[in-house]
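Taking it in order: structure first as structure tokens, then the write-up.
The values are calculated or read from the model by the stated rules, or taken from the named source; none is laboratory data. The model shown is predicted, which means the values in this text are computed figures rather than measured ones. All Cβ positions, glycine included, derive from the backbone under ideal geometry; neighbour counts span all protein chains shown.
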């Protein structure tokens, strides 16, 4: 945390490994060594932290990892020694990687090489003393205080030992939060303290956790999961539930009270209430953050131009439809059109059937849909898909906020498409089934691709419910327009240094009136880049699809394009672009 990216540096590198090895190539010995290197990095990744192990594999020994060797902890401390250790490991890995000659590798290994090289360069850009203390440990939407309820409520018990590990992790919350708060105190000393608006939002959220106390839905969810676990007797279950409650009251709740007390004391009128551009080295840091969030090769300036163009095209299309069909325009804003769905399961089954016509086939995926816990539901989350280990034999899980709208709302349908079929759940299972590769399945994390893809398919899936074509286009055009404006505000606030007056003028100039701009400004200011993965990622995919449709004309097919889009998994868009260009060339 001392440096915004260093502690996750080695993990960031390991999150870029991919490739399916072929037998023939220019240098078999070099290819063998490269395979060994990649496999070693995979093993190092899953054994480097408890969470990497728990979320990547169930049977650790199967992959050469002794579970007893992995400490059950929320993470290393934020000391200079821990930072230096991470840096040393990164330098050693980089030296080993740079010794490989790309031309000696086969085509699939070259893809692996390119992705590692991409992420390594990005990581090196983030290792900069100028970026010390810019990143926040606590922030309104993405801070630690918002992560812990999800981590524990959704903690999956594959074995009885997982229950024991969860209790150990719960006991570790106080230690971890203490360390993060020490970092936050140093952050203030360096002039990078969060805004008072962000502080107030965090304090309010944590106060609710504390006020709920032992009535927390986190405890309720954990108790249910322990009771539902098969293979242990009732006395043992009750003992685990009692231990969980004790850890929650003695570690979790005091940690949240500590957050409230510390951040309240740190609030001050001289805290930065504007974007990153208004703090020392903040604009340069935003350029790095933009790349990390989007996986795009575009500069911030070029992305800004592309977003403006997309916004203009989208609003022009919407205006044309509204003039031709005013009733569709009224329907969109009034939300009068509903789907026929009364449950999520039927919705997902129909989406799965539709997906098989437009996306490459995957085997059936067992899944469960569960309600979000109260603390998470109150944090503005609509839904999320829980990524499963590569050797998982349990149903996948989608969590849905049952308080956000009705099941038959169009927005609910789009959310389920985003998280389920053909969104995250489909995409992650496609990778597992079509790219039989441990590295790709566990270690790749390009949010710009994954969230951009899920945003893209939620609009595509509207075709499956048979609503009026004009209304369907309005949903896409007007929401893409608004999404583009949100991304442009993120750039405006954090790259150009807009204040609230400039942000309000931007909205007004683009035909949007929000009453008070405070809420949206504070949200974007408090979590830089939070929406970029979705909206810039979508823009990249939209550009690729527009090009494919233009170049191929009648030879373009949805199935062909989507297959090329999925081919390399969650890769940077430079790789995805190559796949789309190959698809175009082969089908002209």
(message) Regarding the range 464-483, can at least one residue be identified that is within 20 Å of the chain's Cα centre (by Cα), surrounded by fewer than 19 Cβ atoms within 10 Å (Cβ to Cβ) and either in contact (Cβ under 8 Å) with a residue 40 or more places away in the chain or closer than 27 Å to residue 122 by Cα (or both)?
(response) no
(request) Return only the number of the condition from (1) in a helix (DSSP H, G or I); (2) within 30 Å of residue 155 (Cβ to Cβ); (3) out of contact with any helix residue (DSSP H, G or I) (no Cβ under 6 Å at 6 or more places or on another chain) that residue 111 does not satisfy. (result) (2)
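Based on what the data block shows, is residue 90 outside any helix (DSSP H, G or I), over 23 Å from the mean Cα position of the chain (by Cα) and farther than 30 Å from residue 161 by Cα?
Values: outside any helix (DSSP H, G or I): no; over 23 Å from the mean Cα position of the chain (by Cα): yes; farther than 30 Å from residue 161 by Cα: yes.
So residue 90 fails the test.
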(message) Given the criterion in contact (Cβ under 8 Å) with a residue 24 or more places away in the chain and either under 30 Å from residue 547 (Cα atoms) or part of a helix (DSSP H, G or I) (or both), identify the matching residue among 314, 327.
(response) 314
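Does at least one position in the range 529-549 carry a residue that is in a helix (DSSP H, G or I) and out of contact with any helix residue (DSSP H, G or I) (no Cβ under 9 Å at 6 or more places or on another chain)? Quick ask: steps written out before the conclusion?
Start the filter on the range 529-549 by keeping residues that are in a helix (DSSP H, G or I), which leaves 532-549.
Of the ones still in play, those that are also out of contact with any helix residue (DSSP H, G or I) (no Cβ under 9 Å at 6 or more places or on another chain) are 546.
Within the range 529-549, one or more residues are in a helix (DSSP H, G or I) and out of contact with any helix residue (DSSP H, G or I) (no Cβ under 9 Å at 6 or more places or on another chain).
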(message) From the list 276, 289, 351, exactly one residue is within 18 Å of residue 476 (Cβ to Cβ), surrounded by 20 or more Cβ atoms within 10 Å (Cβ to Cβ) and modelled with pLDDT of 90 or more. Which is it?
(response) 351
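So if I check each of 142, 109, 147, which one is on the phi < 0 side of the Ramachandran plot and free of Cβ contacts under 8 Å to residues at least 40 places away in the same chain? Spell out the reasoning first.
Working: 142 fails: free of Cβ contacts under 8 Å to residues at least 40 places away in the same chain; 109 fails: free of Cβ contacts under 8 Å to residues at least 40 places away in the same chain.
Every option except 147 fails the conditions.
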(message) Checking residue 256 against (1) assigned to a helix (DSSP H, G or I); (2) within 29 Å of residue 499 (Cβ to Cβ); (3) within 26 Å of the chain's Cα centre (by Cα): exactly one of these is not met. Which one?
(response) (2)
(request) Scan the range 178-190 residue by residue and report those that are out of contact with any helix residue (DSSP H, G or I) (no Cβ under 8 Å at 6 or more places or on another chain) and either part of a helix (DSSP H, G or I) or modelled with pLDDT under 90 (or both). (result) 179, 182, 183, 186, 187, 189
(request) Just one of (1) touching a helix residue (DSSP H, G or I) at 6+ places or on another chain (Cβ under 7 Å); (2) in contact (Cβ under 8 Å) with a residue 40 or more places away in the chain; (3) buried (at least 18 other Cβ atoms within 10 Å of the Cβ); (4) assigned to a helix (DSSP H, G or I) trips up residue 207, so point out which. (result) (3)
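Conditions tested, residue by residue: (1) in contact with a helix residue (DSSP H, G or I) (Cβ under 6 Å, 6 or more places away or on another chain); (2) over 30 Å from residue 63 (Cβ atoms); (3) in contact (Cβ under 8 Å) with a residue 12 or more places away in the chain.
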residue	(1), (2), (3)
410	no, yes, yes
413	no, yes, yes
417	yes, yes, yes
432	yes, no, yes
439	yes, no, yes
444	no, no, yes
450	no, no, yes
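Which one is modelled with the lowest pLDDT, of the residues in the range 503-528 that are surrounded by fewer than 16 Cβ atoms within 10 Å (Cβ to Cβ) and within 21 Å of residue 194 (Cβ to Cβ)?
Just the residues of the range 503-528 that are surrounded by fewer than 16 Cβ atoms within 10 Å (Cβ to Cβ), to begin with: 505, 508-509, 511-516, 518-519.
Filter again for within 21 Å of residue 194 (Cβ to Cβ), leaving 516, 518-519.
Numbers: 516: 82, 518: 92, 519: 91.
That would be 516.
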(request) Could you list all residues from the range 225-238 that are loosely packed, with under 14 Cβ neighbours inside 10 Å and either under 31 Å from the mean Cα position of the chain (by Cα) or within 23 Å of residue 74 (Cβ to Cβ) (or both)? (result) 227, 228
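Is it the case, given these coordinates, that residue 249 is surrounded by fewer than 16 Cβ atoms within 10 Å (Cβ to Cβ) and in a helix (DSSP H, G or I)? Reasoning before the result, please.
On the way: surrounded by fewer than 16 Cβ atoms within 10 Å (Cβ to Cβ): yes; in a helix (DSSP H, G or I): yes.
Judged against the criteria, residue 249 is a match.
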(message) Of everything in the range 567-579, what is buried (at least 22 other Cβ atoms within 10 Å of the Cβ) and in a helix (DSSP H, G or I)? Give them in sequence order.
(response) 573, 576
(request) Check off (1) crowded, with 16+ Cβ neighbours inside 10 Å; (2) without any contact (Cβ under 8 Å) to a residue 60 or more places away in the chain; (3) over 20 Å from residue 201 (Cβ atoms) for residue 495 and give me the number that stays unchecked. (result) (2)
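For the range 341-448, list the helices (runs of 4 or more DSSP H) that sit wholly inside it and hold at least 1 residues that are closer than 30 Å to residue 211 by Cα; which are they? Step through it out loud before you land on a result.
Numbers: elements: 344-358, 374-377, 410-419, 424-434, 438-443.
Filter on the range 341-448 gives 374-377.
Consider residue 198 carefully, then state whether it is assigned to a loop (DSSP other than H, G, I, E, B), modelled with pLDDT of 90 or more and out of contact with any strand residue (DSSP E or B) (no Cβ under 6 Å at 6 or more places or on another chain).
Working: assigned to a loop (DSSP other than H, G, I, E, B): no; modelled with pLDDT of 90 or more: yes; out of contact with any strand residue (DSSP E or B) (no Cβ under 6 Å at 6 or more places or on another chain): yes.
So residue 198 does not fit the description; no.
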